[in-house]
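The values are calculated or read from the model by the stated rules, or taken from the named source; none is laboratory data. Fair warning: this is a prediction, and the values are worked out from it, not measured in the lab. All Cβ positions, even for glycine, are placed from backbone atoms using ideal geometry, and neighbour counts span all protein chains on display.
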Ligand code: HC0
Ligand code: SF4
């Protein structure tokens, strides 16, 4: 449809959700602080005001587009109203910018600059400042502007509702229930509240210091890089769609003092291979189906909390992060003649829940430090090294080799696709078809030679997962294997990824990951010859006793 915007005719999508999104698509970003395209419309911040048909001033997030409507996005009156809103927000915001994780990425800071708010006509209101630094997720309510993005992300996208508004009027705050620390709630550490917080009221614990401590103590420091990190780091270094990012990270980590740098995509191949054998065994025995993937730690905690009856359906194969941790501490330490206690293994991931996973007691501290992509950005920037000028170098062998399948773990459908690849090689398959069921849910049907059609679902977002599992439980759908990733669009949208971490950015990262993996000559996990070597040398056959000892785990009822 056509509408008139600031005196110009503009063509917008007929099915645009609202005027705010319609204009965003044609290059006009209307200021907003509480609009979250993946959640319900809240309309609280009032920043996205527009003038309609020369009279009403309304919020564009709640305004449905209509053919011929006349919109003005920045009249003098709207400018003054936005300034007033910002001044009120700034009066009750602690303005602790220099040490804030969002410095330079904060929307409130950006608007304060753009609207020239060097002074404030309102006096500072001091709020009760609630700070919780005890957990992986740090909360500082002195920075909270009550936009509710975190509340809606947790409730609507993740169906958890670990945080909500509490108290009224000036006393209003976002808090976990009973004012508990987040770690004592049902929070699964997915970090999606952090990803969408516009002001840094929610942040992630920074573990960079631990690396320098390990280096100072003369430890043998080994790094490993998750698939999705190489698709997002470019955003922070002006490297656009660079597909040599993994090699640059290896290079810079070596400069910092890492002895070896391996690829989590190597163990993703291994996990897919092991998990496919586990699935084939279950299919033959007709037990513990559907098999759920278990490499997303936020999903594992979610399953433990809400679906204990399905815990025996989770694949017992550890996540690629923990599998590689176990291999390095158990076998590689022997090969290099270093006591496992003297190895400090640093996992660099897009995910906040991986910090929690590494701390789970069943993994015996195999992974010592987990850094998110944002912490990696800090680590690199603090060295002053210009990543653009860094010569990429390959990962160390043997755990630096991966196939396209292993790398594809970083985006939705990647784990399922890799498991299906191995299945295709192990049992006779007539046809494989993939379709989108709805946003966040994909169905892959594998038609076996004997006529049986195996149904595999890949779902992202824990709210979507909850709906799918309930459908399975209630017999509404049949499923044989299900991939669950807690974050929308998979690990590319992890809570530890650079800001902004919105839908557009996540989709662009998925494309970079596809471009990166398309130049890999190995397609299936089976082609990963260093993985096969690991079986020959230590593990024996898939699902062997040794595999169970090293690569498999159990879940908490
Ligand atoms: Fe992921 Fe993973 S794909 S969860 O997002 O499975 O963090 O990238 O490293 O472990 O490989 C994260 C990403 C990983 C693991 C892998 C899986
Ligand atoms: Fe909710 Fe995830 Fe944030 Fe925890 S980390 S409060 S589960 S959105």
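Checked against (1) within 16 Å of ligand 2 (Cβ to nearest atom); (2) touching a strand residue (DSSP E or B) at 6+ places or on another chain (Cβ under 8 Å), residue 353 meets all criteria but (2).
Every residue, every condition in (1) modelled with pLDDT of 95 or more; (2) assigned by TED's automatic domain parsing to the domain that holds residue 513; (3) closer than 30 Å to residue 253 by Cα; (4) within 16 Å of ligand 2 (Cβ to nearest atom), yes or no:
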| residue | (1), (2), (3), (4) |
| --- | --- |
| 393 | yes, yes, yes, no |
| 397 | yes, yes, yes, no |
| 403 | yes, yes, yes, no |
| 407 | yes, yes, yes, no |
| 412 | yes, yes, yes, no |
| 417 | yes, yes, no, no |
| 449 | no, yes, no, no |
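Exactly one residue out of 117, 90 is farther than 25 Å from residue 497 by Cβ and not in a loop (DSSP other than H, G, I, E, B): that is 90.
Annotation: of all residues in the range 144-183 being part of a helix (DSSP H, G or I), at pLDDT below 95 and farther than 22 Å from residue 350 by Cβ, the one that is nearest to ligand 1 (Cβ to nearest atom) is 177. The set of residues in the range 470-502 being away from ligand 2 (no atom under 16 Å from the Cβ) and closer than 15 Å to residue 231 by Cα consists of 492, 498, 500. Scanning the range 136-165 for residues that are more than 9 Å from ligand 2 (Cβ to nearest atom), without any contact (Cβ under 8 Å) to a residue 60 or more places away in the chain and buried (at least 24 other Cβ atoms within 10 Å of the Cβ) yields a total of 2. With respect to the stated conditions, residue 60 fails to be at pLDDT below 95 and not assigned by TED's automatic domain parsing to the domain that holds residue 439. Against the test of being under 27 Å from residue 468 (Cα atoms), free of Cβ contacts under 8 Å to residues at least 12 places away in the same chain and outside any loop (DSSP other than H, G, I, E, B), the options 275, 304, 284 yield a single qualifying residue, 284. Regarding the range 135-146, can at least one residue be identified that is touching a helix residue (DSSP H, G or I) at 6+ places or on another chain (Cβ under 7 Å) and under 30 Å from residue 259 (Cβ atoms)? Among the residues of the range 135-146, at least one is touching a helix residue (DSSP H, G or I) at 6+ places or on another chain (Cβ under 7 Å) and under 30 Å from residue 259 (Cβ atoms), which makes the answer yes. The set of residues from the range 1-22 being in a loop (DSSP other than H, G, I, E, B) and closer than 21 Å to residue 47 by Cβ comprises 6, 12, 16, 17, 18. Going through (1) free of Cβ contacts under 8 Å to residues at least 24 places away in the same chain; (2) under 30 Å from residue 101 (Cβ atoms) one by one, residue 436 falls short only on (2). The set of residues in the range 451-463 being under 19 Å from residue 305 (Cβ atoms) and either surrounded by fewer than 23 Cβ atoms within 10 Å (Cβ to Cβ) or not assigned by TED's automatic domain parsing to the domain that holds residue 311 (or both) consists of 463 alone. In this entry, residue 416 is excluded by the filter for residues that are touching a residue at least 40 places away in the same chain (Cβ under 8 Å), within 25 Å of the chain's Cα centre (by Cα), within 16 Å of ligand 1 (Cβ to nearest atom) and more than 20 Å from residue 517 (Cβ to Cβ). Within the span defined as the range 364-373, one or more residues are in contact with a strand residue (DSSP E or B) (Cβ under 8 Å, 6 or more places away or on another chain), in a strand (DSSP E or B), within 24 Å of residue 495 (Cβ to Cβ) and within 16 Å of ligand 2 (Cβ to nearest atom).
Residue by residue, here is whether (1) buried (at least 18 other Cβ atoms within 10 Å of the Cβ); (2) touching a strand residue (DSSP E or B) at 6+ places or on another chain (Cβ under 8 Å); (3) without any contact (Cβ under 8 Å) to a residue 24 or more places away in the chain holds:
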| position | (1), (2), (3) |
| --- | --- |
| 480 | yes, yes, no |
| 516 | yes, no, no |
| 520 | no, no, no |
| 523 | no, no, no |
| 539 | yes, no, yes |
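Is it the case that some residue within the range 182-189 is closer than 20 Å to residue 492 by Cα, buried (at least 24 other Cβ atoms within 10 Å of the Cβ) and either in contact (Cβ under 8 Å) with a residue 40 or more places away in the chain or over 18 Å from the mean Cα position of the chain (by Cα) (or both)? The answer is yes; a qualifying residue exists. If you go through the range 497-545 and pick out every residue that is over 22 Å from residue 262 (Cα atoms) and in a helix (DSSP H, G or I), you end up with 8. Can you tell which of 345, 324 is outside any helix (DSSP H, G or I) and within 16 Å of ligand 1 (Cβ to nearest atom)? Of 345, 324, the one residue that is outside any helix (DSSP H, G or I) and within 16 Å of ligand 1 (Cβ to nearest atom) is 345.
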